[in-house]
Amino acid sequence: MPVNSIARTVAVIMIALTACRADFELKSFTQDTDLYQAALRELQHRHWDNAVAGFERLTIELPARDTLMPLAFYHLGKARQGKKEWLLAAQAFTRVTESFPDDTLADDALYEAGVSYGRLWRKPELDAQYGETAISTLRMMQGMYPNSPLNDDAQREIDRLTNWLGTKTYETGMFYMRRKAYDPAIIYFKDVLRLYPTAPIAREAGIKLVEAYTEINYREEAQEQCASLRQSYPSSAEVREVCGNAPATAQTPTP
(Lines give C-alpha, C1' and ligand atoms only; values in the text may rest on other atoms or scores of the structure.)
Protein backbone atom coordinates (compact mmCIF):
# COMPACT_ATOMS: atom_id res chain seq x y z
CA MET A 1 0.00 0.00 0.00
CA PRO A 2 1.43 3.50 -0.87
CA VAL A 3 2.66 5.61 2.04
CA ASN A 4 0.04 8.30 1.39
CA SER A 5 -2.74 5.72 1.49
CA ILE A 6 -1.46 4.34 4.78
CA ALA A 7 -1.31 7.82 6.25
CA ARG A 8 -4.87 8.56 5.16
CA THR A 9 -6.09 5.27 6.62
CA VAL A 10 -4.41 5.99 9.95
CA ALA A 11 -5.87 9.49 9.97
CA VAL A 12 -9.38 8.15 9.34
CA ILE A 13 -9.01 5.64 12.17
CA MET A 14 -7.76 8.30 14.58
CA ILE A 15 -10.62 10.62 13.66
CA ALA A 16 -13.12 7.79 14.19
CA LEU A 17 -11.66 6.94 17.58
CA THR A 18 -11.73 10.58 18.60
CA ALA A 19 -15.32 10.88 17.47
CA CYS A 20 -16.27 7.85 19.53
CA ARG A 21 -14.71 9.09 22.73
CA ALA A 22 -14.60 12.86 22.61
CA ASP A 23 -18.04 13.18 24.17
CA PHE A 24 -17.31 10.72 27.00
CA GLU A 25 -15.19 12.17 29.75
CA LEU A 26 -16.02 10.91 33.23
CA LYS A 27 -15.13 14.21 34.88
CA SER A 28 -17.62 16.05 32.68
CA PHE A 29 -20.61 14.27 34.25
CA THR A 30 -21.74 15.82 37.52
CA GLN A 31 -25.18 14.16 37.69
CA ASP A 32 -25.54 10.41 38.19
CA THR A 33 -28.45 10.21 35.77
CA ASP A 34 -26.43 11.93 33.04
CA LEU A 35 -23.51 9.56 33.58
CA TYR A 36 -25.85 6.58 33.51
CA GLN A 37 -27.39 7.63 30.19
CA ALA A 38 -23.98 8.34 28.68
CA ALA A 39 -22.56 4.99 29.86
CA LEU A 40 -25.63 3.23 28.48
CA ARG A 41 -25.03 4.84 25.08
CA GLU A 42 -21.44 3.66 25.20
CA LEU A 43 -22.64 0.14 25.97
CA GLN A 44 -25.12 0.21 23.10
CA HIS A 45 -22.34 1.33 20.73
CA ARG A 46 -20.07 -1.45 22.03
CA HIS A 47 -17.52 0.98 23.45
CA TRP A 48 -16.81 -1.46 26.22
CA ASP A 49 -14.03 0.44 28.03
CA ASN A 50 -16.09 3.61 28.29
CA ALA A 51 -19.13 1.67 29.45
CA VAL A 52 -17.10 -0.15 32.10
CA ALA A 53 -15.62 3.11 33.34
CA GLY A 54 -19.01 4.80 33.56
CA PHE A 55 -20.93 2.02 35.24
CA GLU A 56 -18.06 1.19 37.58
CA ARG A 57 -17.99 4.77 38.81
CA LEU A 58 -21.74 4.64 39.38
CA THR A 59 -21.46 1.46 41.46
CA ILE A 60 -18.90 3.22 43.65
CA GLU A 61 -20.56 6.61 44.02
CA LEU A 62 -24.30 5.87 44.06
CA PRO A 63 -26.06 5.55 47.44
CA ALA A 64 -26.43 1.88 48.39
CA ARG A 65 -30.19 1.74 47.83
CA ASP A 66 -30.34 4.06 44.83
CA THR A 67 -32.72 2.78 42.16
CA LEU A 68 -29.96 3.11 39.56
CA MET A 69 -27.64 0.76 41.48
CA PRO A 70 -29.02 -2.59 40.19
CA LEU A 71 -29.06 -1.19 36.65
CA ALA A 72 -25.48 0.00 37.02
CA PHE A 73 -24.26 -3.42 38.22
CA TYR A 74 -26.22 -5.24 35.52
CA HIS A 75 -24.91 -3.08 32.70
CA LEU A 76 -21.41 -3.24 34.15
CA GLY A 77 -21.70 -6.99 33.82
CA LYS A 78 -22.82 -6.68 30.19
CA ALA A 79 -19.88 -4.38 29.44
CA ARG A 80 -17.50 -6.85 31.09
CA GLN A 81 -18.99 -9.59 28.94
CA GLY A 82 -18.32 -7.43 25.89
CA LYS A 83 -14.66 -7.38 26.90
CA LYS A 84 -14.76 -11.14 27.58
CA GLU A 85 -13.86 -10.48 31.21
CA TRP A 86 -16.10 -13.32 32.30
CA LEU A 87 -15.16 -13.53 35.98
CA LEU A 88 -15.57 -9.79 36.53
CA ALA A 89 -18.85 -9.94 34.62
CA ALA A 90 -20.15 -12.76 36.83
CA GLN A 91 -19.18 -10.83 39.95
CA ALA A 92 -21.01 -7.71 38.75
CA PHE A 93 -24.17 -9.67 37.90
CA THR A 94 -24.11 -11.47 41.24
CA ARG A 95 -24.14 -8.13 43.07
CA VAL A 96 -27.58 -7.45 41.61
CA THR A 97 -29.10 -10.59 43.10
CA GLU A 98 -27.21 -10.31 46.38
CA SER A 99 -28.23 -6.71 47.05
CA PHE A 100 -31.53 -6.49 45.15
CA PRO A 101 -33.06 -10.00 45.07
CA ASP A 102 -36.55 -8.61 44.37
CA ASP A 103 -35.49 -6.36 41.51
CA THR A 104 -36.96 -7.13 38.09
CA LEU A 105 -33.42 -7.67 36.79
CA ALA A 106 -32.43 -10.13 39.52
CA ASP A 107 -33.24 -13.29 37.56
CA ASP A 108 -31.63 -11.90 34.39
CA ALA A 109 -28.51 -11.04 36.36
CA LEU A 110 -28.21 -14.46 37.99
CA TYR A 111 -28.71 -16.12 34.60
CA GLU A 112 -25.98 -13.96 33.06
CA ALA A 113 -23.70 -14.75 36.01
CA GLY A 114 -24.13 -18.46 35.31
CA VAL A 115 -23.47 -17.97 31.61
CA SER A 116 -20.34 -15.94 32.39
CA TYR A 117 -18.99 -18.62 34.72
CA GLY A 118 -19.70 -21.17 32.01
CA ARG A 119 -17.58 -19.23 29.50
CA LEU A 120 -14.60 -19.57 31.82
CA TRP A 121 -14.65 -23.34 31.25
CA ARG A 122 -13.37 -23.39 27.68
CA LYS A 123 -12.92 -27.14 27.04
CA PRO A 124 -14.24 -30.30 28.74
CA GLU A 125 -10.74 -31.57 29.48
CA LEU A 126 -9.77 -28.47 31.46
CA ASP A 127 -10.45 -27.82 35.16
CA ALA A 128 -14.22 -27.92 35.61
CA GLN A 129 -14.40 -25.63 38.66
CA TYR A 130 -16.09 -22.77 36.82
CA GLY A 131 -18.38 -25.15 34.97
CA GLU A 132 -19.61 -26.52 38.29
CA THR A 133 -20.02 -22.97 39.61
CA ALA A 134 -22.03 -22.10 36.51
CA ILE A 135 -24.37 -25.05 37.03
CA SER A 136 -24.91 -24.26 40.71
CA THR A 137 -25.55 -20.58 39.86
CA LEU A 138 -28.10 -21.45 37.18
CA ARG A 139 -29.84 -23.95 39.45
CA MET A 140 -29.98 -21.28 42.14
CA MET A 141 -31.59 -18.96 39.62
CA GLN A 142 -34.21 -21.59 38.78
CA GLY A 143 -34.89 -22.16 42.47
CA MET A 144 -35.12 -18.49 43.41
CA TYR A 145 -37.13 -17.43 40.36
CA PRO A 146 -39.24 -20.42 39.28
CA ASN A 147 -41.44 -18.25 37.05
CA SER A 148 -38.58 -16.60 35.19
CA PRO A 149 -38.89 -16.73 31.39
CA LEU A 150 -35.15 -17.50 31.33
CA ASN A 151 -35.51 -20.88 33.05
CA ASP A 152 -35.58 -22.83 29.79
CA ASP A 153 -32.43 -21.08 28.61
CA ALA A 154 -30.83 -21.80 31.97
CA GLN A 155 -31.71 -25.48 31.66
CA ARG A 156 -30.16 -25.68 28.21
CA GLU A 157 -26.95 -24.21 29.56
CA ILE A 158 -27.06 -26.63 32.53
CA ASP A 159 -27.50 -29.54 30.12
CA ARG A 160 -24.59 -28.37 27.96
CA LEU A 161 -22.27 -28.07 30.93
CA THR A 162 -23.48 -31.35 32.43
CA ASN A 163 -22.64 -33.09 29.15
CA TRP A 164 -19.16 -31.61 29.38
CA LEU A 165 -18.78 -32.90 32.93
CA GLY A 166 -19.78 -36.35 31.73
CA THR A 167 -17.28 -36.12 28.88
CA LYS A 168 -14.51 -35.05 31.24
CA THR A 169 -15.22 -37.97 33.60
CA TYR A 170 -15.37 -40.40 30.66
CA GLU A 171 -12.04 -39.17 29.29
CA THR A 172 -10.44 -39.71 32.69
CA GLY A 173 -11.74 -43.27 32.63
CA MET A 174 -10.28 -43.72 29.16
CA PHE A 175 -6.93 -42.43 30.40
CA TYR A 176 -6.77 -45.37 32.81
CA MET A 177 -8.33 -47.79 30.33
CA ARG A 178 -5.59 -47.15 27.78
CA ARG A 179 -3.02 -47.93 30.46
CA LYS A 180 -4.82 -51.15 31.41
CA ALA A 181 -5.52 -49.74 34.88
CA TYR A 182 -9.00 -51.23 34.87
CA ASP A 183 -10.01 -50.66 38.48
CA PRO A 184 -9.77 -46.85 38.38
CA ALA A 185 -11.22 -46.87 34.85
CA ILE A 186 -14.27 -48.72 36.20
CA ILE A 187 -14.72 -46.13 38.95
CA TYR A 188 -14.83 -43.25 36.45
CA PHE A 189 -17.11 -45.04 33.98
CA LYS A 190 -19.52 -45.84 36.82
CA ASP A 191 -19.39 -42.19 37.87
CA VAL A 192 -20.52 -41.17 34.39
CA LEU A 193 -23.52 -43.47 34.64
CA ARG A 194 -24.32 -42.43 38.21
CA LEU A 195 -23.83 -38.67 37.93
CA TYR A 196 -24.61 -37.95 34.26
CA PRO A 197 -27.01 -40.67 33.10
CA THR A 198 -28.64 -38.45 30.47
CA ALA A 199 -25.36 -37.22 28.94
CA PRO A 200 -24.72 -38.48 25.39
CA ILE A 201 -21.46 -40.03 26.56
CA ALA A 202 -23.28 -42.31 29.04
CA ARG A 203 -23.77 -45.06 26.47
CA GLU A 204 -20.04 -45.09 25.64
CA ALA A 205 -19.20 -45.20 29.33
CA GLY A 206 -21.49 -48.19 29.78
CA ILE A 207 -19.87 -50.01 26.87
CA LYS A 208 -16.37 -49.31 28.17
CA LEU A 209 -17.47 -50.50 31.58
CA VAL A 210 -18.43 -53.87 30.07
CA GLU A 211 -15.05 -54.06 28.34
CA ALA A 212 -13.21 -53.26 31.57
CA TYR A 213 -15.18 -55.88 33.51
CA THR A 214 -14.42 -58.42 30.78
CA GLU A 215 -10.70 -57.69 30.90
CA ILE A 216 -10.54 -58.58 34.61
CA ASN A 217 -13.00 -61.49 34.31
CA TYR A 218 -15.82 -59.83 36.25
CA ARG A 219 -18.34 -61.78 34.20
CA GLU A 220 -21.37 -61.30 36.41
CA GLU A 221 -20.83 -57.53 36.55
CA ALA A 222 -20.35 -57.43 32.78
CA GLN A 223 -23.61 -59.33 32.25
CA GLU A 224 -25.50 -57.01 34.58
CA GLN A 225 -24.13 -53.97 32.77
CA CYS A 226 -25.07 -55.49 29.42
CA ALA A 227 -28.62 -56.03 30.64
CA SER A 228 -28.79 -52.37 31.64
CA LEU A 229 -27.39 -51.26 28.27
CA ARG A 230 -29.87 -53.38 26.33
CA GLN A 231 -32.73 -51.83 28.30
CA SER A 232 -31.48 -48.27 27.83
CA TYR A 233 -30.32 -48.60 24.21
CA PRO A 234 -32.35 -51.43 22.64
CA SER A 235 -31.51 -50.47 19.05
CA SER A 236 -27.80 -49.72 19.51
CA ALA A 237 -25.53 -51.70 17.19
CA GLU A 238 -22.55 -50.86 19.42
CA VAL A 239 -24.28 -52.40 22.45
CA ARG A 240 -25.11 -55.55 20.45
CA GLU A 241 -21.50 -55.77 19.27
CA VAL A 242 -20.14 -55.71 22.83
CA CYS A 243 -22.91 -57.57 24.63
CA GLY A 244 -24.42 -59.76 21.96
CA ASN A 245 -28.14 -60.34 21.68
CA ALA A 246 -30.24 -60.64 24.79
CA PRO A 247 -30.44 -64.22 26.06
CA ALA A 248 -33.70 -65.93 25.29
CA THR A 249 -36.17 -65.89 28.14
CA ALA A 250 -36.93 -69.34 29.45
CA GLN A 251 -40.60 -70.25 29.06
CA THR A 252 -42.50 -72.21 31.65
CA PRO A 253 -43.85 -75.41 30.05
CA THR A 254 -47.62 -75.66 29.98
CA PRO A 255 -49.02 -78.65 31.85
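The values are calculated or read from the model by the stated rules, or taken from the named source; none is laboratory data. What you are looking at is a predicted structure, and each value in this text was computed from that prediction instead of being measured. Note that we place each Cβ from the backbone using ideal geometry, even for glycine, and neighbour counts take in every protein chain shown.
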* **Conditions (1) of a type in the set (Ser, Thr, Tyr); (2) modelled with pLDDT of 65 or more; (3) surrounded by 10 or more Cβ atoms within 10 Å (Cβ to Cβ); number of the one not met by Thr9** => (2)
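Scanning for something assigned by TED's automatic domain parsing to the domain that holds Leu138 and under 28 Å from the mean Cα position of the chain (by Cα), does segment 56-65 turn up at least one residue? Walk me through how you get there before you give the answer.
The initial filter retains those residues of segment 56-65 that are assigned by TED's automatic domain parsing to the domain that holds Leu138, namely 56-65.
Within this subset, residues satisfying the condition of being under 28 Å from the mean Cα position of the chain (by Cα) are 56, 59.
Yes, segment 56-65 contains a residue that is assigned by TED's automatic domain parsing to the domain that holds Leu138 and under 28 Å from the mean Cα position of the chain (by Cα).
Condition first: modelled with pLDDT under 95 and within 11 Å of the chain's Cα centre (by Cα). Can you find one or more residues in segment 132-154 that meet it?
Of all residues in segment 132-154, those modelled with pLDDT under 95 come to none.
No.
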* To do: Find the helices (runs of 4 or more DSSP H) located wholly in segment 64-120 whose residues include 1 or more that are surrounded by fewer than 18 Cβ atoms within 10 Å (Cβ to Cβ) and of a type in the set (Ser, Thr, Tyr), and list them.
  => 86-99
* Structure fact -> Of Ala227, Ala199, Ala222, Ala246, the only residue that is surrounded by 12 or more Cβ atoms within 10 Å (Cβ to Cβ), outside any helix (DSSP H, G or I) and over 27 Å from the mean Cα position of the chain (by Cα) is Ala246
* **Residues satisfying the stated conditions in segment 39-52, i.e. assigned to a helix (DSSP H, G or I), buried (at least 19 other Cβ atoms within 10 Å of the Cβ) and of a type outside the set (S, T, N, Q)** => Ala39, Glu42, Leu43, Ala51, Val52
